[in-house]
1. Give me, ordered by chain and number, the residues 5 or more places off Ile103 or on other chains with an amide H under 5 Å from its own placed amide H.
2. Whenever you get a sec, compute what percent of the accessible area on the chain sits on carbon and sulfur atoms (1.4 Å probe).
3. Please list the non-local residues whose amide H lies under 5 Å from the amide H of Gly117, H modeled 1.01 Å from N, same-chain partners needing a gap of 5 or more.
4. Restricting things to alpha carbons, tell me how big the chain is in terms of Rg and Dmax, in Å.
5. Filter the DSSP H helices in the chain by two things, a Kyte-Doolittle mean of at least 0.0 and an axial alpha-carbon span of 27 angstrom or more, and list the hits by number.
6. For the chain, report the accessible area per residue in Å² (1.4 Å probe, heavy atoms, rounded to an integer).
7. Taking springs between alpha-carbon atoms closer than 10 angstrom, which of Arg55, Arg68, Arg105 fluctuates most in the Gaussian network model of the chain?
8. Using Cα-Cα distances under 8 Å and only pairs 6 or more residues apart, what relative contact order does the chain have, in percent?
Amino acid sequence: MHFVEKSRDISGSSFMETAIYEAQKAADRGSVPIGAVVIGENRIISFAGNEVIKRSDPTAHAEIIAIRQACGLRNTHILNDCDMYVTLEPCPMCAQAISLARIRRLYFGAYDPKYGGVEHGARIFDHAIHKTEAIGGVLATQCAKILKNFFENKRN
């Protein structure tokens, strides 16, 4: 389990920077570089990078891992006073998990027109009982660049 007291300036970009760092660590492990951070009471509760390859588990997305960690630390399945920062628009599976955990607000970086489940595709929050507020485009250029570099390196 990860728990980090946030010591620097409490701002959305610093939280997203932590998610970007986790995404880069995922890329270094050979997984698609996506990072997620759960915030509660103005501090990071949990953070994770994609571990699909490492765990041989197609559900080991950064968002799922970070939600599980936060719920475990809080001993609850409800995170309604928490926000999440993630480097890529969540897929439908992750968007549904975010909704089921009742996360208050989602901030994501790059948009994902092909596989996204928030602003694109299934648009999970439009149909969910708990409608998480979603704000896209946070440090989108940086988030997209990590993904672009990862897939360019895979092709070479």
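1. Leu79
2. Working: 4050 of 7840 Å².
Percent of accessible area from carbon and sulfur atoms in the chain: 52.
3. Those qualifying (amide H under 5 Å, at least 5 residues apart or on another chain) are Cys91.
4. Taking only Cα atoms of the chain, I get Rg and Dmax of 14.2, 45 Å.
5. Values: long enough: none.
Sorted by number, there is nothing, because no helix extends far enough and scores high enough.
6. Working: 7840 Å² over 156 residues.
In whole numbers, the chain has 50 Å² accessible per residue.
7. Among Arg55, Arg68, Arg105, the largest mean-square fluctuation in the Gaussian network model of the chain belongs to Arg55.
8. On the way: 348 pairs, mean separation 30.2, N = 156.
Answer for the chain is 19 percent.
The values are calculated or read from the model by the stated rules, or taken from the named source; none is laboratory data. Here the structure is a predicted model, which means the values were calculated and not measured. We work out accessible area using only protein heavy atoms, side chains counted, and drop any ligands, DNA or RNA first. Shrake-Rupley method; radii C 1.70, N 1.55, O 1.52, S 1.80 Å.
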